[in-house]
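Notes follow the structure.
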Amino acid sequence: MTIFVIQILNSFFYAAVLFLIAAGLSLIYGVMRIVNLAHGTLYALGAYVSAWIVGSAVGHAVERNLGLAGMLLLLPLGAIAVAAVGALIEPTLLRPLYRRSEEYHLLVTFGLLMILEDVIKLLFGRTPLSAGTIMDQMGSIPVGRLIYPAYNLFVIAVGVGAAIGLWAFIYRTKFGVILRATSQDRRMAAALGINVSRVYVQAFAIGCFMAGLGGAVVVPAQAAVLGLGVEVLILAFVVVVIGGLGSLQGALVGALIVSFVRTAGIQFFPEIELAVLYLIAAAVLLVRPTGLFGRA
Amino acid sequence: MAMATATGTPIWRITMGAAIILVILAILPQLVDAYQTVLLTYGLIMAIAALGFNLLLGYTGLLSFGHSAYFGTGAYTVAFITRDFGVHSMELCIVGGMLGTLIIAAIFGFVCVRHTRIFFGILTLALSQVLWSLAFKFFWVTGGTDGIRIPYANLSLVGGLVDFKGAGSFHRFIYAYYYYVLVVFAVSTIIMWVIAHSPFGKALQAIRDNETRARFVGISVRRYRWIAFMISGIFTGLSGILWVPLNGLTTPDILYWPFSGEIVFMTVLGGFRSFSGPIVGAIAFNYLKTYAIASTEYWQLLLGVVLVVLVMALPAGIVGTTARLAAKLGRWTK
């Protein structure tokens, strides 16, 4: 029974991280119809930047002690850095391509992936970076006869908070209305006086922020290594394909499905755990190409 | 490269041009060293993959981001039949590998051609990753990340007439294998040229340019796409088959999705709007990657910048840009 509870908590932890990544991917696709192959690498960049900032801050702090709150406040800096990178990328690399076909979007973002992978290697080196001190200081809580890291619960809370926050942002604010209007009809939005270029930059930066935040919250629990982004991108794809490209609810449900299937898979059928996920994505695409919550 | 403007060029000029290039390729190993010969062999092998890939992208208008699946299937089938069935003949490997690829491409293609555009791309990607994860996880069959070794010494070419035993065998293998690949490459190119310029190829282009009209003319769009998908897969599979003995090892890396991205890259580098573009692109990409890796630790950065600049400034690729420059020059000199 205790194992069961822990597996469910693990699934929620994993779903929270996947949701952060997939929601950004979905938001970017929903607003500007770009499938961002570099999205996973932006997540990795967030993880590296956060780990590096926390690591060097701890190193420079008085008596090497920053306090838990201090370190937690430093974590989102990685996400902000990634959002800034996104705000640079959109006007320079993506804006000239909106009029051209999707093939070119995939190619440019693939090129961007290669560039960012090596930039990460250049900046942070080959050794894995981690912010494990945070996880250690948070300690653990008892679950039945076992203990469970409290940090994982914190990540689940961040995921829930991000889901609610993003929902409120898109459906309850003026900017959200503008965002949805632009996503539905770009030309009409422009005719109504909306600065579409600015909305695009903002939407892309928010999407990148989500990816970066995913990396930032994951790095105290698992170290940032090279190739992290390439691996996670396909899982994020599976999530948005199941939920529906461009749908926020879809990203949430997709993340839950993927993480529960994956946890069950690791427990019961480890050899085909990944294959099953890809097959589910393929099956959903066949039956409902717009996903569970997508629109045509 | 006369083939670039194949529509307006008379057939004898294309044949002449191709023959000259073939003669140059045949003489080249006598002039350059063994290392360059190996590089060129890799380039020719990848050219077959890019040719196959371009039947889908350039001629049918479908961007597959999962062609690593067919390359990998070809490679792994050869690895299995040499290791588990003790096959030594390269020709048997080719037949077996192509059969294996055909089966996978037929199944995957049947599923994938139900969609176009971005959904087609994601579907091919997802299915290719199924194969990658299987190769990765079933390590007692596939060797996992260690892969499977395929020593060239176990293989013989041309029905057992050429084998590689005894002293100096590696050197002999390199040169013999170059000519072997060159012949397969030439035959593949001719076959692909015939396919692309046949009524079937024209029908594919009609589908690419206007699906609705193509359907009105009576082309059964989905079946044509499926057939194109299978042909494309077999060519890419053949490339994987030829690649294995030269590389000596097959690992899940060639099934992983960034490898599919490389195939797309080389095709766009050469130019996917022309027949010869993928060939030029594959050979050029092979040199580019080899020298980038040799010169800097950050070779991915270099290749990424090349790709971004290519898409931004030269979407027609090497062949398309050269053709345009040549046309401009011709007008200017007149």
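The values are calculated or read from the model by the stated rules, or taken from the named source; none is laboratory data. Worth saying up front: this structure is predicted, and the values here are computed from it rather than measured. All Cβ positions, glycine included, derive from the backbone under ideal geometry; neighbour counts span all protein chains shown.
Observations on the structure shown:
- Only one of A:260, A:237, A:293, A:269 that is of a type in the set (Phe, Trp, Tyr) and free of Cβ contacts under 8 Å to residues at least 24 places away in the same chain: A:269
Every residue, every condition in (1) more than 14 Å from chain B (Cβ to nearest Cβ); (2) modelled with pLDDT of 90 or more; (3) surrounded by fewer than 24 Cβ atoms within 10 Å (Cβ to Cβ), yes or no:
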{"residue": "A:30", "(1), (2), (3)": "no, no, no"}
{"residue": "A:49", "(1), (2), (3)": "yes, yes, no"}
{"residue": "A:60", "(1), (2), (3)": "yes, no, yes"}
{"residue": "A:64", "(1), (2), (3)": "yes, no, yes"}
{"residue": "A:73", "(1), (2), (3)": "yes, no, yes"}
{"residue": "A:84", "(1), (2), (3)": "yes, yes, yes"}
{"residue": "A:94", "(1), (2), (3)": "no, no, yes"}
{"residue": "A:97", "(1), (2), (3)": "no, no, yes"}
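- Odd one out for residue B:115 among (1) in a helix (DSSP H, G or I); (2) closer than 22 Å to residue B:214 by Cα: (1)
- Single residue of B:134, B:92, B:99 found to be within 9 Å of chain A (Cβ to nearest Cβ), assigned to a helix (DSSP H, G or I) and either closer than 28 Å to residue B:153 by Cα or not charged (D, E, K, R) (or both): B:134
- Among (1) in contact (Cβ under 8 Å) with a residue 40 or more places away in the chain; (2) not in a helix (DSSP H, G or I), the one test that residue B:323 misses: (2)
- Complete set of residues in region B:206-226 that are in a helix (DSSP H, G or I) and surrounded by 16 or more Cβ atoms within 10 Å (Cβ to Cβ): B:206, B:207, B:208, B:214, B:221, B:224, B:225, B:226
- Among residues of region B:83-104, those that are of a type in the set (Asp, Glu) and farther than 15 Å from residue B:180 by Cα, counted: 1
- Between B:170, B:120, B:108, the distinction of being touching a residue at least 60 places away in the same chain (Cβ under 8 Å) and either of a type in the set (A, V, I, L, M) or assigned to a helix (DSSP H, G or I) (or both) belongs to B:108 only.
- Checklist (1) farther than 22 Å from residue A:252 by Cβ; (2) in contact with a helix residue (DSSP H, G or I) (Cβ under 9 Å, 6 or more places away or on another chain); (3) not hydrophobic (A, V, I, L, M, F, W, C) applied to residue A:174, failing item: (2)
- Condition met for residue A:254 (closer than 23 Å to residue B:128 by Cα and touching a residue at least 12 places away in the same chain (Cβ under 8 Å)): yes
- Exactly one residue out of B:214, B:284 is out of contact with any Phe, Trp or Tyr (no Cβ under 9 Å at 6 or more places or on another chain) and not hydroxyl-bearing (Ser, Thr, Tyr), and it is B:284.
- Top-ranked residue in region A:263-274 [being within 13 Å of chain B (Cβ to nearest Cβ) and in contact with a helix residue (DSSP H, G or I) (Cβ under 6 Å, 6 or more places away or on another chain); ranked as surrounded by the fewest Cβ atoms within 10 Å (Cβ to Cβ)]: A:266
Residue by residue, here is whether (1) crowded, with 22+ Cβ neighbours inside 10 Å; (2) at pLDDT below 85; (3) within 14 Å of chain B (Cβ to nearest Cβ); (4) within 28 Å of residue A:124 (Cβ to Cβ) holds:
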residue	(1), (2), (3), (4)
A:145	no, yes, no, no
A:156	no, no, no, yes
A:165	no, no, no, no
A:172	no, no, no, no
A:175	no, no, no, no
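- Screening residue A:68 on (1) under 26 Å from residue A:252 (Cα atoms); (2) more than 19 Å from the chain's Cα centre (by Cα) shows it passes everything except condition (1).
- Annotation note: of B:158, B:181, B:162, the sole residue that is farther than 16 Å from residue B:248 by Cβ, more than 14 Å from chain A (Cβ to nearest Cβ) and buried (at least 16 other Cβ atoms within 10 Å of the Cβ) is B:162.
- For residue A:38, the stated conditions do not hold, so it cannot be described as within 19 Å of residue A:23 (Cα to Cα), away from chain B (no Cβ under 14 Å) and in contact (Cβ under 8 Å) with a residue 24 or more places away in the chain.
- Residue in region A:99-108 that is farthest from the other protein chains (Cβ to nearest Cβ), counting only those that are out of contact with any Phe, Trp or Tyr (no Cβ under 8 Å at 6 or more places or on another chain) and surrounded by fewer than 24 Cβ atoms within 10 Å (Cβ to Cβ): A:99
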